[in-house]
Structures are given as C-alpha cells and as structure tokens.
1. Please work out if B:M37 is in a helix (DSSP H, G or I) and of a type in the set (A, V, I, L, M, F, W, C).
2. Using beta carbons and a limit of 6 Å, which pairs, at least six apart or on different chains, have the first residue in the stretch A:116-140 and at pLDDT 95 or above and the second one assigned to a loop (DSSP other than H, G, I, E, B)?
3. Among the listed residues B:G124, B:G139, which satisfies the condition of being farther than 17 Å from B:L23 by Cβ and within 14 Å of another protein chain (Cβ to nearest Cβ)?
4. Among the residues of the stretch B:14-27, write down those that are more than 7 Å from chain A (Cβ to nearest Cβ) and either closer than 20 Å to A:A213 by Cα or at pLDDT below 95 (or both).
5. Please work out which residue is surrounded by the most Cβ atoms within 10 Å (Cβ to Cβ), limiting yourself to the stretch A:53-85 and to residues that are of a type in the set (F, W, Y) and under 12 Å from A:F110 (Cα atoms).
6. Of the residues in the stretch A:181-200, how many are out of contact with any Gly (no Cβ under 9 Å at 6 or more places or on another chain) and not polar (S, T, N, Q)?
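The values are calculated or read from the model by the stated rules, or taken from the named source; none is laboratory data. Quantities reported herein were computed from a predicted structural model and do not represent experimental measurements. Please note: Cβ atoms are built from the backbone with ideal geometry, for glycine as well, and neighbour counts cover all protein chains shown.
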Amino acid sequence: MSDIEALYPFLYSRSTDLDAVMTSVRESTVEKVDEIVTLRRTVLERDGERIAACAEAMAGAFAAGARLFAFGNGGSSTDAQDVATLFMNPGFTNTGFMNTGGTARPLPAFALTADIAVVTALANDIGFEVVFARQLAASAFAGDIALGLSTSGNSRNLIAAFEEADRRGMLTVGLAGYGGGQMAELGTIDHLFVVPSASVHRIQEAQTTIYHALWELTQQALIRSEAGDSDDGA
Amino acid sequence: MDQAVLARVPEVFARRVGPALGLADEADVVARACHAMATRFHGGGRLIVFGNGEAATDAQHISVEFVHPVIVGKRALPSFSLTSDVATITGVAATAGLEEVFAHQLRRLAAPQDIALGISSDGGCVNVLRGLETAHRLGLLTLALTGGDDGGPIGRSPAVDHVLIARSADPRVVKEVHVTTYHILWELVHVFFEQPGVLDPRVLP
C-alpha cells in the first residue's frame, strides 16, 4: 500500500467498487439494447401485416375527413401527445416515404391529455375514469380515429374511452403490452397491437416504433391513393 | 390491401436496428452519465428536462419516469420538464423569442447542484443549446440527447458534459433510440444509488 492509499484507504476501496458497478451497468445497457431489438423483430413478425392494414384504414379515414384523438396515462400520455404532434406537424423529413417522392401531410390530431382545464374539471367533478370518454363524447364524430396507449391494457379511463369510441362509430386503434389486459378482452378495438413483453420500458419502446410505423405508412398510403397508385383494387 | 404499403413494413422496422444497436457502443458514455447524475441527485440536485415538438413529450416522459417510478420500491427522484407550462413558454416566446424559453426558465428555477437534460433530434435546436449553455454557466451538470452524425451544434458544444448521439438521419428513429436511452439512464441511476459508496464526488470513473 502506498503512503497515499494508507492515508485515504476509503478512496481506493470505493474506486474498486466503482469499477465493478461501471462494468455491470455497461453490460446492462448492452442487454437492454438486445432486448428491444429482439422485441421489435417479434412485433414485426406477429403484427407487420396488421400494422399495414391499420395504416390503410387510418389513411382512408383521414381522406374522408377524420380527425385523430390520442390518449393515455403517465408515460403513455406523452406518447399520445407525441402521436398528435407527429400527425399535426411532421416537419421536414428526409427519410422513409420521402424516397417515394412524397412529402408529409399535416393531419388533424388532438391529444386528450393536453388540456389541463378539461382533464382536471372532469376528474374533479365526475372521476378520472371519464376524462377521455367525455372528451370523445363532446368532440368526436363517427369515422374519426381514437388511438389509446397503455402498457397494462387495463387503464379504466382507456376502457371507458374505447367503449365510447365504439358507440360513436369511430375507427379504434389500441396499443397495449403484456397480454393485452382488458383492452384485449373488450373485443371491440378495430386494430389492437399487444407488445409481448413484461417490461414497461421495452413495451413503450416497441409501441413508439408501432405508432411511428403507423404514421409513416399512413402517409405513404395517402400519397399513393392521391396519386392514383393504390393497387388495392377498390 | 395496397401491396406497396405492405411491402414497406419490413424496411420501416429494419431502419431501426442499426441505430438501436449503436446505443450498445455508447455503453461507457451511458455509464459515466448515470454516475454523474446519481452523484448530483445524491447531493440534492433535481433533473430539469427540455426539448421542442416531439422531444417536448420526451421531456415530460423523463420527468414522470423519475418522479413516479414504474418499478415498485425504487425511490422517487426530483425532476420536472420545462415544456409543460404553456403560459410561460408562450409568454417568453412572444416577448424574448422562442430561443429564450428554456434559458429563461433555468435562470429562475435551477440551482447549481441540479442536472439539465436537453433533447434535440438533430442537435440544432437553438433554445435547447441556449438552455444548456445557461445551465452550464449556473454550475449544473449538463447532458444532451441528440442525433445525426455528430450530434449537431449541441453535440459539439463545450457546455455539454455528456452527449449521447443516436446515429440516424430519421428523426423518428432518433426518438426511439432516445426512449431506450432514457429508460436505461433512469434504471442505471438507481443501480448507483444501491451502491452509495460510489457516489463520493471525489471518486471519478
């Protein structure tokens, strides 16, 4: 032991601990990256065709004048707001469908979590389970799109919103995790994507990919049908 | 079904794989950033997060991640985003300009022991850069999640202590790498907390 180590032994023992922790967290990052890459591959294999079908249905709805309403709680509320702003204001982009010669269309979309006055009024006066359903009842028309995100699939206010959306004849899109929870049991969601993972984090990461894919493919389908290129035989 | 739309799906998913795997190459940067963040939290710091557009939703996601952990038993850590106060954002934007919205809030709300985390998918957001520069001058730890080849002006700024770059030109792919990155940052900050002996600021990796 050097003089300095003898003076400050705690510094050196902590340095050793730190090396071990640093090594383990580096390994943890690599493991989590592998998990999400594998999970996305599973989603593609299970739901790739259904994602394309959902995007075509959304494109058809937008072409007929639909607006999109997105909703979720907690981290999923930020995804709902991301969905809304992505459709509303895609901005300049140099990838994906741009290769086919199109440009991204701004499309009408709202996040039902953005208006704190409405959300807190409904929650305070009636209950948190109605905060999305009541907004759909007030603002949505038949043919509009309801897109709800949950990792558990069990959020009561999402279930109430999907029930209201079904009553109103909306096109319904659900993103869930685990086994799909009550969102899967409803049986009324037109396009339900269940990310088969037990990790909330990996579920959210795969859901982000799904709604990005839905957006990009919706744009592509709109561009192709406007150009008369669609080969769906309709 | 339009076969051209269907045919595109595998390409959409394939475009994500390389940038996602690229995060594994940044494992050392991630580890150092987590250690620095944990040290700041240990010293009473708070995490302040900001970004524009889609990244504004990531800012809110990060703050809720730390304040309300999804894993039972993990301690709540103080965090807030600068994107939720629409009155202040539009007020500052209308008078001083959108470039000042985050710097203005940081000057009033931040303490020197805090952490500033700015998000910009191409590293070019002027208000995020100004926020990080202001935070650096105030003594905060500064981190950035950016994208593109070199992280843009934010990635090259000497005011940013830790830069994590998602290597894609597609802003949606960059966002997805960012989501994984901040989930990992949250989880690994807690790993350091479980080893309090490694949080002495004199011990640097």
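1. For B:M37, the condition - in a helix (DSSP H, G or I) and of a type in the set (A, V, I, L, M, F, W, C) - is met.
2. Qualifying pairs under 6 Å: A:V119/A:V131; A:L122/A:V131; A:A123/A:V131; A:F132/A:L112; A:Q135/A:L112; A:A140/A:R168; A:A140/A:M170.
3. Of the residues listed, the single one that is farther than 17 Å from B:L23 by Cβ and within 14 Å of another protein chain (Cβ to nearest Cβ) is B:G124.
4. In the first step, residues of the stretch B:14-27 are kept if they are more than 7 Å from chain A (Cβ to nearest Cβ); the result is B:14-15, B:18-19, B:22, B:25-26.
If the condition is that a residue be more than 7 Å from chain A (Cβ to nearest Cβ) and either closer than 20 Å to A:A213 by Cα or at pLDDT below 95 (or both), then B:A14, B:R15, B:G18, B:P19 are the ones that fit.
5. For the stretch A:53-85, the residue satisfying everything is A:F71.
6. Going through the stretch A:181-200 one residue at a time, the tally reaches 1.
Residues are listed down the side, and each one gets a yes or a no for (1) more than 14 Å from chain B (Cβ to nearest Cβ); (2) among the aromatic types (F, W, Y); (3) over 21 Å from A:R50 (Cβ atoms):
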residue: A:A140; (1), (2), (3): yes, no, yes
residue: A:I145; (1), (2), (3): yes, no, no
residue: A:G148; (1), (2), (3): yes, no, no
residue: A:S197; (1), (2), (3): no, no, no
residue: A:Q207; (1), (2), (3): no, no, no
residue: A:I210; (1), (2), (3): no, no, no
residue: A:L217; (1), (2), (3): no, no, no
residue: A:G228; (1), (2), (3): no, no, yes
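Yes/no matrix, rows are residues, columns are (1) within 23 Å of A:R46 (Cα to Cα); (2) surrounded by fewer than 24 Cβ atoms within 10 Å (Cβ to Cβ); (3) among the polar types (S, T, N, Q):
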position	(1), (2), (3)
A:A137	no, yes, no
A:A142	no, yes, no
A:S152	yes, yes, yes
A:A165	no, no, no
A:G174	yes, no, no
A:G179	yes, yes, no
A:Q182	yes, yes, yes
A:G187	yes, yes, no
A:V194	yes, yes, no
